[in-house]
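No lab work stands behind these numbers, since they all come straight from the coordinates. Treat the numbers as computed from the prediction; the structure is a model and nothing was measured. Methodologically, a virtual Cβ is constructed for each residue, glycine included, from the backbone with ideal geometry; neighbour enumeration extends over all protein chains shown.
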Amino acid sequence: MRRVFWLFSSLILALAVGSASADEAWKVERLSQPEGLYPGEELLATNGIETLTYFMAGDPEKPLVVFVPGGFHLARVAYGYPGGDERDFLAYWLGRKGYSFLGASYPTGNKVYSRAYPAYSIRDWGKQVAATAKFYIEENGLSREIIVLGWSAGGQIAQSVYEASQKADLDMSLFVSLAGTPPAPLLVEEPGSISKAPNGLSSAPQFYEVFKAYVAAQNKLNGHVIMPWDKFETDILGDIPVALNGIIIASRYENGEFVRDLDWAMADTGALKKADFPYIVTISGDKVLDNDHALTDRGNWGVFQIQHLYRGIILPALLKSEKIAPADWQHIMDLMSYATSGVLSARVPGNHFFWYGQLGARETVQNIDALRLRAANLKATLAAAVAKIGTD
């Protein structure tokens, strides 16, 4: 009965969040550019939804790295602003490593957008990121491999962007959680009320004080002001669609109201699609100021990491044949224990914004490079071990 209900609710969600044809699903077009954009930024319409982007070309043979911002933020936090020091931002250090970079901002209440999208969902978000990546890849002749960096609430799109990337014929080789929260509704305690703004978006000004404290701490760590707070608040922050608070309140927007709906939120995030999650690595800060991510990210993401390896590599081989030598089976168990030992995780000095500022930005990119290699080696070694099943 539960299975029937789940299939039914998934069907309803599919109809609710988009009934476009396959071709229309990846429609991206440039809009007339409004005043006030930063150099290099563009405003696109992705599946009919405004998308603020910043693209920087690198080695076409290397993956495109896509930065997905957290709640209430534009991706400007990852590529900087006119007059700022480019070394304080991730885009600069990724460029130094030869990666192409894409900052893709979902629609917020920030002044850069011409309208609000209160019914925007996690499904929409994943599709928007994949469609935008596909657009720049094809326009610039890049490889079809992408690495997605999901910061904070941006972790919620891990499943939806992976699913959308597959449909867009992209190779999403890795999802990097930057103090990201997994797509698990109600995982985070509600820090004060989230209210409805006049335009239908969700507002939570209490978060802004928390962000201000994080930014001030990162300024102190780096020995200078990375971005003046008044500019940060006006140029980066804005109210967000209520569904993007799924990890806190699990609500959707309907007929002008916020409706609590856990079943809908579970389907929207794809939380139960354990067999359809990307390969995930995690990077967190190390400060008490961000204690939840510093202490729980490795465990919170562990179930998705191990299920990706088990369901994607081991289980298909076991279903074909259970004949395996004891020594080979022990090797596979040892590799899976190694996978959960922390080899797919790293920490960088700093708080929830550990990657913000030159010290953390540089070290974060170094860790992305190292984790990418480590993850690929683990996967290749496990695949080689599993290839022996049924051959003895």
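Taking only DSSP H segments of four or more residues, each worth -39500 (n - 2.57), what value at 222 nm results for the chain once the sum is divided by all its residues, to the nearest 500 deg cm²/dmol?
After summing the helix terms and dividing by residue count, I get -12500 deg cm²/dmol.
Positive end of the charge dipole of the range 2-383 (Lys, Arg +1 and Asp, Glu -1 on Cβ, about the Cα centre): tell me which of Gly270, Phe55, Phe304 has its Cα farthest that way.
Final value for the positive-end residue is Phe304.
What size of dipole, in debye to the nearest 20, comes out for the chain about its Cα centre when the only charges are +1 on Lys and Arg C-beta atoms and -1 on Asp and Glu C-beta atoms?
Result for the chain is approximately 740 debye, rounded to the nearest 20.
For the chain, which longest stretch is free of loop sites, where a loop site is one of the trypsin sites (Lys or Arg not before Pro) that DSSP puts outside H, G, I, E and B and that has at most 13 other Cβ atoms within 10 Å?
116-322
Count charges around Ile236 for me, please; just the other residues with Cβ under 13 Å from its Cβ, Lys/Arg as +1, Asp/Glu as -1.
Cβ neighbours under 13 Å give a net charge of -1.
Hey, can you list the DSSP H helices of the chain whose Cα span along the axis is 30 Å or longer and whose average Kyte-Doolittle score is at least 0.5?
Going by DSSP H runs, there are no hits.
I'm spelling it out carefully: the read-out is volume of the Cα convex hull per residue in Å³, the candidates are (i) 173; (ii) 145; (iii) 155, and one was derived from this structure. Which label?
(ii)
Find which of Gly36, Ile249, Pro183 sits farthest along the positive direction of the dipole of the chain, computed with +1 on the beta-carbon of Lys and Arg, -1 on that of Asp and Glu, about the Cα centre.
Pro183
Considering only C-alpha atoms, what is the centroid distance from the range 243-287 to the range 302-346, in Å?
Rounded to whole Å, the Cα centres lie 27 Å apart.
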